[in-house]
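First comes the structure, then the notes that go with it.
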Amino acid sequence: MPEAFGILTLATLGGALGVVLATDVVHSAYFLVLAFLGVAGYYFLLGGEFVGAVQILIYAGAVAVLFLFAVMLTRRRADPVWGRSPARWLGVGGAAALLAWLLLTHLERHPWPTKLPPPAPHNTALIGKALFRPFVVPFEVVSVLLLAALVGALLLARKEGGAS
Amino acid sequence: MGQPYLRLAAAALILAAFVLGTAAFLVWFERKLLGRMQVRPGPNRVGPGGLLQPVADILKLTVKEDILPEHADRPLFRLAPLMAFVPAFAAFVVLPFGPGLVSADLNIGLLWILAVSTVSVLALIAAGWASNSKYALLGGMRAAAQMISYEVPLVLSLIGVVLAAGSLRLGRIVAAQAHLWFAVPQVLGFIVYLIAATAESNRSPFDLPEGESELVAGFHTEYSGVRFAFFFLAEYSYVFLAAAIATLAFLGGWSGPFLPPVVWFLVKTYAVIFFIIWLRATLPRIRIDQLLSFGWKVLLPLSLVNIFLVGLFRFI
């Protein structure tokens, strides 16, 4: 479906550009959601519905909410917004150009397959089996890592708050 | 362009009509029921039994002035009502009303509904933030805290159903309940789901994001006219969705004797909606700290116990 691909690309790239160009952090966060949703759409187009839905659930539904929560708790609306000074344009533009040059020169050398095999029909079950059989140790390690991060965040928050 | 797009457009139009009609009917249903439960007649002036009251309300809301508060974040303020409604509508796309009666039969239907409905939290935060009003901001923050907290037990309570059915496809989940409704062996999961879903759709006794006595109207304090109507529409869509998922995942879906499947589906869904409205008429609003500690310290462990029990029974 080329039309769907075009719409998704517009949403993803437009969202990504919006994140960088918006002068308000909150607007940037909402543009980021648009980019996340566009990427989720790509997963659906590729036949990975499970990954696509999880992308929406985790990134748009949790990560973006966390960003917004942090921004709103730490910043007031009266605070000055980011300016668009020539120095900033130069810095951001230069970094983007450097990254684009690196990616283009290195990605071109790699022989990418142009014909992909059709996705497996029951890939949700396949993901589950892969996670709990060959990849069970990394999966559990990631779980412990996330738990440690959670406990660490709690510890930091408690220290800041004093006795409570 | 061609056939698939035409079919999609037709499905979208039918669904839009259904969602609008359902929301309008639910407004009447809720007001009438609340009235009866509080020993008063409820709306009874416009049309037979007040049935046309929501039509009059919609007409009133559409002709009202669309007020934009000064110093509001204009693009976000304008976008927020749509952001609230679009995910609700997207969730309806995979909802089966009967065998084969579904716009898009995704094999991850249940996950899709859970995933897209989380996006509407962003709309409530946007509305609260963009209004530039302390009541709206407080309402938006409460909405975020509440919906993130109750999403966890909500999803975990449905994991038990997915485990027992072995599929995320809503049709397969209904088929797995041919002999016994999941509400019977997983009564714990069903109770956790009902409480979490009521909280997730910001309904009383969990309507803290718009608690009238404290926050005027919470995140939609500054909204009027059509934009306010969109928030209303989203809320009632979520009430219907919550009841529909309860029906599909725990109450055997559209299966039942004699009557056609669609009728059974609607009867069961409206029974759950009746229960949710009954809760509103009965219980006082709880406090935000009670709400959050109840979600994390009671509902979350209970939903984990439910998953453990389901796993245990499948294992033996």
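Sub-6 Å Cβ pairs linking a first residue in the range B:166-192 that is within 14 Å of another protein chain (Cβ to nearest Cβ) to a second residue that is open to solvent by 70 Å² or more (accessible area, probe 1.4 Å), at least 6 apart or interchain, number zero. In the set A:A60, A:A11, A:A4, only one residue is closer than 30 Å to A:P117 by Cβ and touching a Phe, Trp or Tyr at 6+ places or on another chain (Cβ under 7 Å); that residue is A:A60. Checked against (1) in contact with a helix residue (DSSP H, G or I) (Cβ under 7 Å, 6 or more places away or on another chain); (2) over 25 Å from B:Y193 (Cα atoms); (3) surrounded by fewer than 24 Cβ atoms within 10 Å (Cβ to Cβ), B:A126 passes all but a single condition, namely (3). Residues that are over 16 Å from A:H27 (Cα atoms), at pLDDT 75 or above and aromatic (F, W, Y) within the range A:68-114 comprise A:W89, A:W101, listed in sequence order. Could you list, in sequence order, the residues of the range B:72-100 that are farther than 27 Å from A:F67 by Cα and within 11 Å of chain A (Cβ to nearest Cβ)? Within the range B:72-100, just B:V94 meets the criteria. Given the condition within 22 Å of A:A64 (Cβ to Cβ), assigned to a loop (DSSP other than H, G, I, E, B) and either within 10 Å of chain A (Cβ to nearest Cβ) or of a type in the set (F, W, Y) (or both), answer yes or no: does some residue in the range B:101-114 qualify? Checked the range B:101-114: at least one residue is within 22 Å of A:A64 (Cβ to Cβ), assigned to a loop (DSSP other than H, G, I, E, B) and either within 10 Å of chain A (Cβ to nearest Cβ) or of a type in the set (F, W, Y) (or both). Would you tally the residues in the range A:1-30 being open to solvent by 80 Å² or more (accessible area, probe 1.4 Å) and in a helix (DSSP H, G or I)? Qualifying residue count, the range A:1-30: 7. Checking B:V27, B:V63 one by one, the residue that is within 26 Å of B:V267 (Cα to Cα) and at pLDDT 80 or above is B:V27 and no other. The residues of the range A:19-32 that are within 11 Å of chain B (Cβ to nearest Cβ) and not hydrophobic (A, V, I, L, M, F, W, C), listed by number, are A:D24, A:H27, A:Y30.
Please tell me if B:S131 is in contact with a Ser or Thr (Cβ under 7 Å, 6 or more places away or on another chain), modelled with pLDDT of 85 or more, of a type outside the set (D, E) and open to solvent by less than 10 Å² (accessible area, probe 1.4 Å).
No, not satisfied.
Among the residues of the range A:33-62, those that are open to solvent by less than 40 Å² (accessible area, probe 1.4 Å), more than 9 Å from chain B (Cβ to nearest Cβ) and in a helix (DSSP H, G or I) comprise A:A35, A:F36, A:G38, A:G41.
The values are calculated or read from the model by the stated rules, or taken from the named source; none is laboratory data. What you are looking at is a predicted structure, and each value in this text was computed from that prediction instead of being measured. Here Cβ is always computed from backbone atoms with ideal geometry, including for glycine, and neighbour counts include all displayed protein chains. Surface accessibility is based on the protein's heavy atoms, side chains included, excluding ligands, DNA and RNA. Shrake-Rupley method; radii C 1.70, N 1.55, O 1.52, S 1.80 Å.
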